[in-house]
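Shown next, in structure tokens, is the structure this report addresses.
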């Protein structure tokens, strides 16, 4: 069977952007996207079983971009342990990445049926639903994730809920979620970036600058944060900052949408 690789919302990592049961908060060069939970594949509601080794291998190969091998390992995990919720999570992430939405949803639901309090799986499923523009269902999954007092990274589900609310669009609700995320973790880079963008959209330029300064203390720039900085500093009149951000954007992300926007603005 041939699969078309889909580049979508989810970030993928060996442990489990979204944080999806997987956390990588360094977004691709495009707009800041859904984030994933570190360690999600280990946070299951069943005892460690024979399938867990295959789950870890599947996650590792997925992180390397070897989706064909990852899929084999995920299938092996389910073959030896059909009730392994983490195996259903990782194979759901793979099917989503491969554009097999029906199979992805089947395994997300199967995994949740086996481990309904697994916040990492709930967050991953919420991210999937958001990518399908099923915003209310997505929010419900994020709230389920947050309802577990043992969830170690609530800032992730809150940030994903905020990103999803922006797509509705509902900026008031989105900002509320981002602020809650920063209460949980004031150094969470994805939420800081999102608040900088919202501040810029509202012409609150000093606030945008402040969020970007906090962001730079904890993470490397993305194309989005650099473009946000350029627009902010143009209004605030700091030409040196504009020049610095512009040089970084062109050098680090030459093919990004943000670089195209920068070059178009410079020609005007």
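Here, each number is a calculation from the coordinates, and none is a lab measurement. Every value quoted in this text rests on a predicted model; they were computed, and no experiment measured them. Cβ: placed from backbone, ideal geometry, glycine included. Neighbour counts: every protein chain shown.
From the list 148, 160, 123, 139, exactly one residue is surrounded by 16 or more Cβ atoms within 10 Å (Cβ to Cβ) and part of a loop (DSSP other than H, G, I, E, B). Which is it?
The unique qualifying residue is 148.
I'm trying to understand the selection: among the residues of the range 97-120, which are crowded, with 21+ Cβ neighbours inside 10 Å and either in a helix (DSSP H, G or I) or touching a strand residue (DSSP E or B) at 6+ places or on another chain (Cβ under 8 Å) (or both)?
Across the range 97-120, the qualifying residues are 97, 104, 107, 108, 111, 112, 119, 120.
Please count how many residues of the range 106-129 are closer than 27 Å to residue 166 by Cβ and out of contact with any helix residue (DSSP H, G or I) (no Cβ under 7 Å at 6 or more places or on another chain).
1
Test of understanding: among 165, 181, which residue is in a helix (DSSP H, G or I) and crowded, with 24+ Cβ neighbours inside 10 Å?
181
Looking only at the range 84-108, count every residue that is more than 20 Å from the chain's Cα centre (by Cα) and over 16 Å from residue 52 (Cβ atoms) and tell me the total.
Counting residues in the range 84-108 that are more than 20 Å from the chain's Cα centre (by Cα) and over 16 Å from residue 52 (Cβ atoms) gives 3.
What residue, of 173, 213, is under 22 Å from residue 35 (Cβ atoms), out of contact with any helix residue (DSSP H, G or I) (no Cβ under 8 Å at 6 or more places or on another chain) and assigned to a helix (DSSP H, G or I)?
213
Give 234, 220 a once-over and let me know the one that is surrounded by 12 or more Cβ atoms within 10 Å (Cβ to Cβ) and either within 21 Å of the chain's Cα centre (by Cα) or part of a helix (DSSP H, G or I) (or both).
Exactly one residue qualifies, and that residue is 234.
Can you confirm whether residue 200 is farther than 28 Å from residue 151 by Cα, touching a helix residue (DSSP H, G or I) at 6+ places or on another chain (Cβ under 7 Å) and surrounded by 15 or more Cβ atoms within 10 Å (Cβ to Cβ)?
yes
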